[in-house]
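Comments concern the structure below.
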Amino acid sequence: MKIHIKGGRLIDPKSGVDAKKDVYITAGKIVAIGEAPSGYSANRVIDAAGLVVCPGLVDLAARLREPGFEYLATLESEMEAAIAGGVTSLACPPDTDPPLDEPGLVEMLKFRAKNLNQARVYPVGALTQGLKGKHLTEMAELVDAGCIAFSQADAPFADTQVFYHALQYAATFGFAVWLRPQDPALARHGVAHDGQIATRFGLPAIPVCAETVALSTILILARETGARVHLMRLSSAEGVEMVRQAKREKLSITCDIAVHHAHLTEMDIGYFESNSRLDPPLRSQRDRDALRAALADGTVDALCSDHTPVDEDAKQLPFAEAEPGATGLELLLPLTLKWAGETKTALVPALARISSEAARVLGIDAGHLTIGHAADICIFDPERLWKVEPAALKSQGKNTPYIGLELKGRARYTLVDGQVVYESK
């Protein structure tokens, strides 16, 4: 199959290219950019006039809900959501049922995802057996099965010594460890940021120190062991400042924030809006502004969707009882564009946060447009306005704080391995 993508604005954050250039694809790979190869004859021409042609998006946190939570979402529905959002590579956390702590489970997930011929799935393996924080998994076997990193997801460690040994082991073999900094005792029973909204509404609170205390432990042990650590979904000004300092010390640290935290604050809880029940919680405007600034200056390496499909019944409960999480795969692109517009960030560095930089964190060869490499491409209309409604979302999870709002920017075509896997009018 030969595809000619014609007349689009080509943006490749890795090389810094931002220019009107054509792209030529043959047998799943990019064979030329700009000028057509000699004798090239396309089977299909995609008119990208007025559209942006960029690398397929890379999402660092997308819960696909399989195995074990098929009543919340299926692999088929969430992979459809991924390609509809322009996402061609995604990492899925290990908190499935059972957790991804056995090679067979990882191989099954990879096999099923590959057979769908849609987005590429990169499982993050469980760091401890059953995510119970007591005994380490067979990390080497999980890597052989396809895991690209190890994590506890949102589960705490039962023992700091086990945590220490886990980082030592990972450092010995060069495995990446992904951690979400939250002290379980300080966050216990909390559902909202420890601020004016939680106080006014009488909601159990999660203080910022729940993040910073845990972050202190992680950074100290990372310094001690030399482990490669990725910090997931930071939420506070103090947290990003600690990471900024750790990066100055040349620690092997990367971090991301959830795209919702780049926009929303505790005020968006409104009158107990359960779609705004997230974990970590939405924090103050000061925290939100600090996250945005850290994203712009590179302290925060990547944006992720933190895609978490939740059953509608679990959201139609009192705020403190509602299950945390929001759908995000199809909103990653428009919310990134919204952040870029509001902070006057150029499109090249903005798209880097959801393509080349995210791929660097994952340690995969993706997120760029390079001759000779796989044609994983997102073609989107940056000016297209669309209303976020349940019917407009492919994901089985319709839970999002943005329901009813109008966003700008949507994928028109998504290509994986040079095949058009998604297109819209």
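Residue by residue, here is whether (1) closer than 14 Å to Arg233 by Cα; (2) in a loop (DSSP other than H, G, I, E, B); (3) at pLDDT below 95; (4) touching a His at 6+ places or on another chain (Cβ under 8 Å) holds:
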| site | (1), (2), (3), (4) |
| --- | --- |
| His261 | yes, no, no, no |
| Asp268 | no, no, no, no |
| Leu278 | yes, yes, no, yes |
| Arg283 | yes, yes, no, yes |
| Arg288 | yes, no, no, yes |
| Ala294 | yes, no, no, no |
| Thr299 | yes, yes, no, no |
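When Ala326, Ala290, Ala340 are checked against the criterion of being touching a residue at least 60 places away in the same chain (Cβ under 8 Å) and of a type outside the set (Lys, Arg), Ala326 stands alone in meeting it.
Taken over segment 190-231, the criterion of being of a type in the set (Asp, Glu) and either without any contact (Cβ under 8 Å) to a residue 12 or more places away in the chain or buried (at least 20 other Cβ atoms within 10 Å of the Cβ) (or both) is satisfied by Asp194, Glu211. Among residues of segment 163-184 that are more than 21 Å from Ala61 (Cβ to Cβ), those with a beta-carbon under 8 Å from a residue that is open to solvent by 10 Å² or more (accessible area, probe 1.4 Å) and part of a loop (DSSP other than H, G, I, E, B) at least six positions away or on a different chain give the pairs Tyr169/Phe175; Ala171/Gly226. Scanning segment 188-209 for residues that are touching a helix residue (DSSP H, G or I) at 6+ places or on another chain (Cβ under 7 Å), part of a helix (DSSP H, G or I) and closer than 19 Å to Leu264 by Cβ yields a single hit, Ile197. Being part of a loop (DSSP other than H, G, I, E, B) and more than 22 Å from Cys304 (Cβ to Cβ) is true of Ala49.
Determine if segment 75-83 includes at least one residue that is in contact with a Gly (Cβ under 8 Å, 6 or more places away or on another chain), surrounded by 24 or more Cβ atoms within 10 Å (Cβ to Cβ) and of a type outside the set (D, E, K, R). No, every residue in segment 75-83 fails to be in contact with a Gly (Cβ under 8 Å, 6 or more places away or on another chain), surrounded by 24 or more Cβ atoms within 10 Å (Cβ to Cβ) and of a type outside the set (D, E, K, R). The set of residues in segment 320-339 being open to solvent by 10 Å² or more (accessible area, probe 1.4 Å), of a type in the set (A, V, I, L, M) and over 11 Å from Val259 (Cα atoms) consists of Ala320 alone.
For the condition closer than 19 Å to Glu78 by Cβ and open to solvent by less than 10 Å² (accessible area, probe 1.4 Å), Ala358 qualifies. Could you please let me know if Ala48 is modelled with pLDDT of 95 or more and under 14 Å from Asp376 (Cα atoms)? In short, no. Quick one: would you say Gly397 is part of a loop (DSSP other than H, G, I, E, B), within 30 Å of Asp313 (Cβ to Cβ) and in contact (Cβ under 8 Å) with a residue 60 or more places away in the chain? Yes; evaluated as a whole, the condition is true for this residue.
Scanning segment 131-144 for residues that are of a type in the set (Gly, Ala, Ser) and either surrounded by 20 or more Cβ atoms within 10 Å (Cβ to Cβ) or closer than 23 Å to Ile253 by Cβ (or both) turns up just one, Gly133. Summed over segment 402-424, the residues that are open to solvent by 30 Å² or more (accessible area, probe 1.4 Å) and more than 29 Å from Lys114 (Cβ to Cβ) give a count of 5. Regarding segment 149-156, can at least one residue be identified that is acidic (Asp, Glu) and under 30 Å from Ala359 (Cβ atoms)? Checked against the condition, which is being acidic (Asp, Glu) and under 30 Å from Ala359 (Cβ atoms), segment 149-156 yields at least one hit.
The values are calculated or read from the model by the stated rules, or taken from the named source; none is laboratory data. Computed from a predicted structure; not experimentally measured. Heads up, the Cβs are rebuilt from the backbone with ideal geometry, glycines too, and the neighbour counts pull from every protein chain shown. What goes into the accessible areas is simple: the full protein's heavy atoms, side chains included, and nothing from ligands, DNA or RNA. Shrake-Rupley method; radii C 1.70, N 1.55, O 1.52, S 1.80 Å.
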